Amino acid sequence: MHAETDLYSADYHAWINAQATLLREGRLKDIDAEQVAEELEAMGRRERNELVNRLIILVAHLLKWQYQSAHRSSGWRGSVVEQRVQIDRELRLSPSLKPFLPEAVTQAYPDAVRIAAQETGLDSATFPALCPYQPGELLDDDFWPG
C-alpha cells in the first residue's frame, strides 16, 4: 500500500497537508492522485449538499409562513433571512452552483414539507406536491408568500 494512502487512513488532516505540500513543491509523481481526485469530487458533492440543506430550511420556513400565518414569528423571519444570506454567499463563492439551483429546490422540497408538517402539525398533504416557489423567489429578500 502507498505510504500516502496509509497516512490518509491514519490521519486525514496530516494527509491533506502532505498532499498540499507535494503540490506546492511540484512533486506530482508523489501525490496520491486517485485519493486526491476522490476528495475533490467529494468536496463538490458537499457544496451541492450544503445548498440543498439550506434550501430545505428556507422552504420549510416559507411554507410555515404561508400556511400558518397566524403563528408567524420573528424566529421564522430570522431563519428565512439567514438561509437567504447563506445561499447567496454559497452562490457567490461557487457561481457554478447556480445552474444546479432548480434541481436543488426539487431535491429539498420533500424534506422541507416533512419539516413544515411536523413543526406546524399540519398534514403533509396540505402542502403542494411540487415546490410552489420559484428559485428566484426563494432568493428574493422581498418575497414573503401570502
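The values are calculated or read from the model by the stated rules, or taken from the named source; none is laboratory data. All figures in this text were calculated on a predicted structure; none of them were measured in a lab. Every residue, glycine as well, gets a Cβ built from its backbone with ideal geometry; the counts of neighbours run over all protein chains shown. Ligands, DNA and RNA are excluded from the accessible area calculation, which covers all protein heavy atoms including side chains. Shrake-Rupley method; radii C 1.70, N 1.55, O 1.52, S 1.80 Å.
The set of residues in the range 25-59 being closer than 24 Å to Lys98 by Cβ, open to solvent by 70 Å² or more (accessible area, probe 1.4 Å) and of a type in the set (A, V, I, L, M, F, W, C) consists of Leu40, Met43.
Within the range 92-123, can you find the residues that are in contact with a Lys or Arg (Cβ under 8 Å, 6 or more places away or on another chain) and either open to solvent by 80 Å² or more (accessible area, probe 1.4 Å) or among the polar types (S, T, N, Q) (or both)?
Across the range 92-123, the qualifying residues are Glu119, Thr120.
Of all the residues in the range 60-77, those that are among the basic types (Lys, Arg) and open to solvent by 80 Å² or more (accessible area, probe 1.4 Å) number 2. For the range 124-139, the set of residues classified as assigned to a helix (DSSP H, G or I) and open to solvent by 80 Å² or more (accessible area, probe 1.4 Å) consists of Ala125 only.
For first residues located in the range 65-89 and under 13 Å from Leu138 (Cα atoms) and among the small types (Gly, Ala, Ser), partners that are open to solvent by 80 Å² or more (accessible area, probe 1.4 Å) and part of a helix (DSSP H, G or I) and lie 6+ apart or on another chain with Cβ distances below 7 Å do not occur.
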